[in-house]
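Asks: This is the structure I want to talk about, given as structure tokens.
The values are calculated or read from the model by the stated rules, or taken from the named source; none is laboratory data. Please read all numbers here as calculations on a predicted model, not as lab measurements. Glycine also receives a Cβ, built like all others from the backbone with ideal geometry; neighbour counts cover every protein chain displayed. Please note that ligands, DNA and RNA were not included when accessible areas were found on the heavy atoms of the full protein model with its side chains. Shrake-Rupley method; radii C 1.70, N 1.55, O 1.52, S 1.80 Å.
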Amino acid sequence: MAAKNGSIKLVAGNSNPVLAREIADWLNLSLTKANVRRFADMEIFVEIQENVRGSDVFIIQSTSFPANDHMMELLIITDALRRASARRITAVIPYFGYARQDRKVGSRSPISAKLVANLITRAGVDRVMTLDLHAGQIQGFFDIPTDNLFASPVMVRDIKERFDLSNVMVVSPDVGGVVRARGLAKRINTPLAIIDKRRERAGESEVMNVIGDCAGYTCILIDDIVDSGGTLVNAADALLANGAKDVYAYISHGVLSGGAAARIASSRLKELVITDSILPTEAVTKAANIRTLSIAPLIAEAISRTASEESVSSLFD
């Protein structure tokens, strides 16, 4: 396929090569040959090994663990492409790291998501494409066009295939995620419940109350990020204690740091479903109750529409 004004090129960093290859396959393209490696002192070196002059280039790179390394890869790839006279550079960031630092949480604290947006823009990116931002206002942190895609169509399709919707209840694991959960509940026409919790310290949560009658329902927890897994495990326990039949979770980004995969595997959660926006670790792939959905078709279609100057938002109508 070709862009409206020039050829399409896909460049992959090292954060998620499997997803990058799947996206390329969906677009019937080959990944652009590029050398992204480390010197002995771990400095990052990038060499684009194909002509990209005048091309519409898409860099596929999540800023997942190790976040700082993958961020620097993205910035240096961008600089290499800009100096190689690429016509337009789009950073495709399925998982946008630092998104949870979207506001000041105390005196003399940073807004790191804004800083990262500035870095990406100043490096020479012309457009950003990402998936399920932790906070919608992060789009406004960029002074360039930014498309925030949603994994909900992929999740809705999977839920409709696997569940009897007449017995399903969508649950938000906290008050902050109500809008996201309500949107999915509306799509599949199911009732909504909310977990009221108090977070005592970062990475830990204590479930306080279930708002809504979940007795007899198959409950589906919806959120954008699962990190330590503590919130999901506690939420599942609370829902089951209130009479839920089974508890599942559909989460966009499976950060799953530390012992999170083992915590999920040993929990009462029937199944955790994540997307492949982050390359799954060995622990995640081995966990019997963690399953991955591919977002490659969704991102590939968004790339195709961006290249041909068509509407991306209509993907989610």
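Asks: Condition check: touching a residue at least 24 places away in the same chain (Cβ under 8 Å), surrounded by 21 or more Cβ atoms within 10 Å (Cβ to Cβ) and among the acidic types (Asp, Glu). Does Asp25 satisfy that?
Replies: Details: touching a residue at least 24 places away in the same chain (Cβ under 8 Å): yes; surrounded by 21 or more Cβ atoms within 10 Å (Cβ to Cβ): no; among the acidic types (Asp, Glu): yes.
The answer is no for Asp25.
Asks: Sticking with this one: Considering only the stretch 141-177, state which residues are surrounded by fewer than 18 Cβ atoms within 10 Å (Cβ to Cβ) and more than 18 Å from the chain's Cα centre (by Cα).
Replies: Within the stretch 141-177, Asp143, Ile144, Pro145, Lys160, Glu161, Arg162, Phe163, Asp164, Leu165, Ser166, Asn167, Val175 qualify.
Asks: Checking Leu119 against (1) outside any helix (DSSP H, G or I); (2) hydrophobic (A, V, I, L, M, F, W, C); (3) more than 19 Å from the chain's Cα centre (by Cα), which single condition isn't satisfied?
Replies: Failed condition: (1).
Asks: Within the stretch 122-140, track down each residue that is in a helix (DSSP H, G or I) and either without any contact (Cβ under 8 Å) to a residue 12 or more places away in the chain or surrounded by fewer than 17 Cβ atoms within 10 Å (Cβ to Cβ) (or both). Walk me through how you get there before you give the answer.
Replies: Here is the first cut: in the stretch 122-140, the ones in a helix (DSSP H, G or I) are 122-123, 136-140.
Once the filter is applied, which keeps residues that are in a helix (DSSP H, G or I) and either without any contact (Cβ under 8 Å) to a residue 12 or more places away in the chain or surrounded by fewer than 17 Cβ atoms within 10 Å (Cβ to Cβ) (or both), the stretch 122-140 yields Arg122, Gly136, Gln137, Gln139, Gly140.
Asks: When you go through Ala283, Ala238, Ala261, Ala265 one by one, which is the residue that is over 30 Å from Gly54 (Cβ atoms), in contact with a helix residue (DSSP H, G or I) (Cβ under 7 Å, 6 or more places away or on another chain) and open to solvent by 10 Å² or more (accessible area, probe 1.4 Å)? Working first, answer last.
Replies: On the way: Ala238 fails: in contact with a helix residue (DSSP H, G or I) (Cβ under 7 Å, 6 or more places away or on another chain); Ala261 fails: open to solvent by 10 Å² or more (accessible area, probe 1.4 Å); Ala265 fails: in contact with a helix residue (DSSP H, G or I) (Cβ under 7 Å, 6 or more places away or on another chain).
Being over 30 Å from Gly54 (Cβ atoms), in contact with a helix residue (DSSP H, G or I) (Cβ under 7 Å, 6 or more places away or on another chain) and open to solvent by 10 Å² or more (accessible area, probe 1.4 Å) holds for just one of Ala283, Ala238, Ala261, Ala265, which is Ala283.
Asks: Follow-up. When Thr90 is evaluated against the numbered criteria (1) over 18 Å from Leu279 (Cβ atoms); (2) outside any strand (DSSP E or B), which criterion, by number, is the only one it fails?
Replies: Here Thr90 meets the rest and fails (2).
Asks: For Val255, work out the one condition from (1) closer than 19 Å to Ser228 by Cβ; (2) open to solvent by less than 10 Å² (accessible area, probe 1.4 Å) it doesn't fulfil.
Replies: (2)
Asks: Give the stretch 268-279 a look and list any residue that's surrounded by fewer than 23 Cβ atoms within 10 Å (Cβ to Cβ) and either out of contact with any Phe, Trp or Tyr (no Cβ under 7 Å at 6 or more places or on another chain) or not hydrophobic (A, V, I, L, M, F, W, C) (or both), or say none.
Replies: Filtering the stretch 268-279 for residues surrounded by fewer than 23 Cβ atoms within 10 Å (Cβ to Cβ) gives 268, 270-271, 273, 276, 279.
Within the stretch 268-279, Arg268, Lys270, Glu271, Asp276, Leu279 qualify.
Asks: Let me ask another. Quick check on my filter: what residues within the stretch 45-81 are surrounded by fewer than 18 Cβ atoms within 10 Å (Cβ to Cβ) and part of a strand (DSSP E or B)?
Replies: Within the stretch 45-81, Phe45, Glu47 qualify.
Asks: Continuing with this model, one more query. For the stretch 292-310, give me the residue count where each residue is open to solvent by 20 Å² or more (accessible area, probe 1.4 Å) and either over 15 Å from the mean Cα position of the chain (by Cα) or over 19 Å from Val18 (Cα atoms) (or both).
Replies: Residues in the stretch 292-310 being open to solvent by 20 Å² or more (accessible area, probe 1.4 Å) and either over 15 Å from the mean Cα position of the chain (by Cα) or over 19 Å from Val18 (Cα atoms) (or both): 6 in total.
Asks: Could you please tell me which pairs satisfy a Cβ distance under 6 Å, a separation of 6+ or placement on different chains, a first residue in the stretch 256-278 that is under 24 Å from Ala20 (Cβ atoms), and a second residue that is of a type in the set (Phe, Trp, Tyr) and buried (at least 16 other Cβ atoms within 10 Å of the Cβ)?
Replies: Sorted first by the residue in the stretch 256-278, then by its partner, the pairs are Val273/Tyr250; Ser277/Tyr95; Ile278/Tyr95.
Asks: I would also like to ask the following. Being among the acidic types (Asp, Glu) and modelled with pLDDT under 95 is the filter; apply it to the stretch 120-146 and report the residue that is nearest to Ile299 (Cα to Cα). Steps first, please.
Replies: Here is the first cut: in the stretch 120-146, the ones among the acidic types (Asp, Glu) are 126, 132, 143.
Next, only the ones that are modelled with pLDDT under 95 stay: 132, 143.
Numbers: Asp132: 12, Asp143: 22 Å.
For the stretch 120-146, the residue satisfying everything is Asp132.
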